[in-house]
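Okay, structure first, notes after.
Read-outs: derived from the displayed coordinates by stated rules, not from any lab. Small disclaimer: the values here were computed from a predicted structure and weren't measured. Here the Cβ positions follow ideal geometry from the backbone for every residue, glycine too, while neighbour counts run over all protein chains shown.
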Amino acid sequence: MSVEKPQWTELFDEVITGGLCTGCAGCIIACPHDVLSYNDANGVYKPFHIDVDGDERNCTHGEKGCTMCTRACPRFRSWETEIDVHQHQRERTVEEVAGITLDIVLARTTDPELADVGQDGGFVSALLAFALENDVIDGALVSAFDLEAGPWRTKPALVTDRAGVIATAGSRYTYCANTLAYPEAAEAKLERLALVGMGCQASAPGAMQSRKAGKVARRLGLTIGLLCSKTFDDAIFEELFEAQYGVKREEIVKMNIKGVFQLWLNDGRYVEVPLKECHAFTREGCKSCPDFAAEHADLSTGGIGESNDWTLVLVRSEQGRDLLEKMKAAGVVEIRPGDEDPGALALLRKLAQLSRKRWPEAGDPGPRRIPVKAS
Ligand SMILES: Cc1cc2nc3c(=O)[nH]c(=O)nc-3n(C[C@H](O)[C@H](O)[C@H](O)COP(=O)(O)OP(=O)(O)OC[C@H]3O[C@@H](n4cnc5c(N)ncnc54)[C@H](O)[C@@H]3O)c2cc1C
Ligand code: SF4
Ligand code: SF4
């Protein structure tokens, strides 16, 4: 084992079996030897070392000096500080519980088709369509419906055009490691990629870039974060929605979480499920996650505003700000100042603080830092 060159064994001990792994799959896509795979059966969502060139805990490439998996991992050691310093030349202050932010706005698409399919203001879809159509990116790693597996099953997907963006819009609340669409993009030789994902995934490009993880880091040049308190095990459909509320997964046409789990059904019914009944289905990988606000994205987006048809957007980088300005100038989005919705800003802070308290006290102290009066 080399402490100076931490590799798979350290990742396995400290993150994967150490209770910090989110299942973001960053390590898998960064591995240059293709010896890591992903277990998404029965709610596991964890990487594992395949049975060649080592075993469960040992990697012969790691023993020879390969450190790519630990360099890619956005939960390894002092990940938050390292990414903050790389992206902003400083670590976040204690007051910045939702991460370092340049600006906060409310935004929505001006395109009726995108507004119709988008979860909140359709901002993410508008951004992806704009970036693809204006030669900003070659492709985006998103979450698609896995229709072969069944209703409301998801799979990571590469989209390269407006039709793909429309087909993959909206939110699903089970886990989808969008990063795993990367190999398809690399195979297609696409160099400029956007990654859409919750905080766990949105920190992966920053981890890779700050620790110089090669061409994967370079290709993942734009990150769109999704605010997130948790995802749920797929079992929630049968064991709660169907067993307690008589709602079959194939009947659901839209879902959202606004204080309660909201379900819209194909016969026009609307069902609310209290969140306290959903907690038993919280995905394991979310239980120690400290990042509600996708703090390392270029633009982080959420639906906690007072109106359902606006997306709250946290601008975190100059690249994100520039893209937002260009979208505004092209008339593809409407924008309002975030402080027009003080309730949303207060909720953002509250939910960000709550998530930070989940990070283990024994872990790196950075992610748990919140204002003293809030603890
Ligand atoms: C699991 C999850 C939890 C969330 N929790 C919160 C929350 O607690 N509070 C809050 O304010 N906002 C939350 N959001 C964000 C919110 O639901 C919207 O995604 C966000 O406001 C952007 O809205 P939009 O209309 O601009 O996005 P859209 O234009 O509808 O685009 C949404 C994008 O998200 C991708 N996506 C959908 N489902 C998943 C998934 N399961 N995993 C990865 N990518 C996915 C789609 O492929 C699409 O690219 C959550 C989103 C997800 C996916
Ligand atoms: S958190 Fe992500 S990068 Fe780290 S070990 Fe888990 S899947 Fe791999
Ligand atoms: S709470 Fe959300 S951001 Fe955190 S690990 Fe779970 S899915 Fe990822």
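Taking Cα centre as origin and charging only the Cβ of basic (Lys, Arg, +1) and acidic (Asp, Glu, -1) residues, the dipole magnitude of the range 225-344 rounds to 40 debye. Maximal additional length on extending the GLN262-ALA346 stretch stands at 28.0 nm, based on 0.36 nm per residue less the C-alpha distance.
Screening the chain for whole DSSP H helices of 20 Å or more along their axis (Cα) with average Kyte-Doolittle hydropathy at least -1.0 returns 342-356. Summing Lys and Arg as +1 and Asp and Glu as -1 over all other residues whose Cβ lies under 11 Å from the Cβ of ARG211 gives a net charge of +2. Ranked by how many other Cβ atoms sit within 10 Å of their own Cβ, fewest first, the residues TYR175, TYR245 fall in the order TYR245, TYR175. Using only the C-alpha atoms, the convex hull of the chain corresponds to 135 Å³ per residue.
Give me the tail of P(r) for the range 169-280 as a percent: Cα-Cα pairs with distance above 20 Å. Here the long-distance tail beyond 20 Å is 51 percent of all Cα pairs in the range 169-280. Cross-link pairs exceeding 25 Å in C-alpha to C-alpha distance, out of LYS46/LYS215; LYS212/LYS287; LYS46/LYS373; LYS254/LYS276; LYS5/LYS215; LYS5/LYS189, comprise LYS212/LYS287; LYS46/LYS373; LYS5/LYS189. The range 351-368 and the range 42-113 have Cα centres separated by 15 Å. Based on the Kirkwood radius over alpha-carbon pairs, what value in µm²/s does the Stokes-Einstein equation return for the translational diffusion coefficient of the range 271-364 at 4 °C and 1.567 mPa s? Approximately 83 µm²/s, per Stokes-Einstein. For the pair GLN319 and ARG90, the difference between a 0.36 nm per residue extended length and the Cα-Cα distance amounts to 80.7 nm. Highest mobility in the GNM of the chain, judged by mean-square fluctuation with C-alpha springs under 10 Å and restricted to LYS254, LYS357, LYS276, is found for LYS276. Per residue, the convex hull spanned by the alpha carbons of the range 77-135 comes to 151 Å³. Counting only Cα atoms, the range 314-374 measures 48, 25, 15 Å along its principal axes, largest extent leading.
Here the range 276-296 and the range 215-269 have alpha carbon centers that stand 13 Å from each other. Derived value for the range 33-100: Kirkwood hydrodynamic radius 14.5 Å. Basis is the mean of 1/r over every pair of different alpha-carbon atoms.
Taking Cβ atoms as reference points and 14 Å as the exclusive limit, the residues near VAL372 contribute a net charge of +4, counting Lys and Arg as +1 and Asp and Glu as -1.
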